[in-house]
Ligand code: IPM
Ligand code: MG
């Protein structure tokens, strides 16, 4: 077997269930190192609330530079009730937003796939979700998450005003639209772009720029535009009408949580955040820190494991290994093993680490 060069992977487990689910990925990386002679170099550090506890900031410069130098970052989750009352700049979530913004990870890929073994885990009827395979492309470094001006300002009569700005420039829209069209080329050649062009100028620009990219560069792709509220409704009514959905930061946040539930559990949805620079990317499960089940061994590690599969594919050029891992997940589900979030009658309940071990045992 040929030894390839060392590749740096930074693990940022973070808060809540983050450490438990990322630990399963760590075991998988170690398996690849040992069994496939892949020389992954693993580093691990603090982010979010745990970083605040130690350093009084959600991410230190040192960790940020480590992230900058890694080929792939695997992030667990950040946040929890303990830090909810902190001043905004110190909150765990700021670390995540800083990493996304400063590493310029503008395209967030969130695939929602309903595994055949889990059709019954969805709260929707089996015929609505079975065979579902959609890809949400969420713009990740612009829009109302980062727009200026922002803040809470005093106004007259002791009242205060909360301000956020929803703003997009053409280039921000064009580059994420291209990511969506490129993905659609390899899928069913269908893109739905979601905006609120009926009430927002930034939405009108969004619609015009996406259409222009299609007309000029992707004439073979079928593009439709949909208002974001209608998209939320259509996702529940007839989700299989979608292939690739491209939308802004805020709508993408909301629509991807909704899409997750079509698949049965938020514990199944991986994500990849990609930018322009080489192939570096950050990979995280879409679920949050789930403080209510942290430390109980109940968390589902599949979203994080599938996020690592996306890292193998998009950052590390290891498509075969990604397939290997995805198939191992399928086999474990075939065997009837389930964490509590996807448990149904007749299936065997397993803990976070038992699920990880079972997946490793199916790797080829
Ligand atoms: C997500 C999360 C984050 C977001 C939070 C934790 C800041 O909900 O990745 O979807 O709003 O983007
Ligand atoms: Mg979210």
Practice task
Any chance you could get the radius of gyration and Dmax over the Cα atoms of the range 66-114, in Å?
Solution key: 13.3, 39
Completion exercise
Quick calc: nm separation of the 7 Å Cα→Cβ label points for residue 33 and residue 357 -> 2.1
Handout entry: residue 216-residue 320 FRET efficiency (beta carbon distance; Förster radius 35 Å; 0.05 resolution)
Key = 0.50
Handout entry: For the range 116-264: span of alpha carbons on each principal axis (Å, largest first)
Key = 58, 40, 23
Handout entry: Proportion of all alpha-carbon pairs of the range 157-208 beyond 15 Å (%)
Key = 59
Handout entry: Per-residue Cβ neighbour rank within 10 angstrom, fewest leading, 165, 85, 247
Key = 85, 165, 247
Practice task
Rounded to the nearest Å, what's the spacing between the alpha carbon centres of the range 81-101 and the range 1-77? Just the number, please.
Solution key: 19
Problem - Spin-label model distance (nm) - residue 230 vs residue 335, 7 Å beyond Cα toward Cβ - result: 4.7
Practice task
Determine Rg/Rh for the range 134-185; Rg is computed over alpha-carbon atoms and Rh is the Kirkwood hydrodynamic estimate from the same atoms.
Solution key: 1.24
Practice task
Would you please put 138-145, 339-346 in order of how densely packed they are, using the mean number of other Cβ atoms within 10 angstrom per residue and starting with the highest?
Solution key: 138-145, 339-346
Handout entry: Value of [θ]222 nm, deg cm²/dmol, for the chain, DSSP H segments ≥ 4, -39500 (n - 2.57) each, nearest 500
Key = -12500 deg cm²/dmol
Practice task
Taking the Cβ of each residue in 54, 90 as the centre, tally the other Cβ atoms inside 10 Å and list the residues starting with the fewest.
Solution key: 54, 90
Exercise for the section: Any chance you could get the radius of gyration and Dmax over the Cα atoms of the chain, in Å? Expected result: 20.4, 74
Problem - Theoretical gain in end-to-end length, residue 240 to residue 69 [0.36 nm per residue, Cα-Cα removed] - result: 57.7 nm
Handout entry: Debye log10 I(q)/I(0) at q = 0.11, 0.20 Å⁻¹ for the range 280-364, Cα point scatterers
Key = -0.31, -0.94
Completion exercise
Sorted largest first, the Cα spans of the range 1-92 on the principal axes come out in Å as 53, 24, 16
Exercise for the section: Rank-order 203-212, 68-77 by packing density, defined as the average count of other C-beta atoms within 10 Å over each peptide's residues, highest first. Expected result: 68-77, 203-212
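Taken together, the values in this text are just the output of simple stated rules run on the coordinates, not laboratory data. Being a predicted model, the structure only gives us computed values, none of them experimental. A quick note on method: Cβ atoms are made from the backbone with ideal geometry, for glycine too, and the neighbour counts reach across all protein chains shown.
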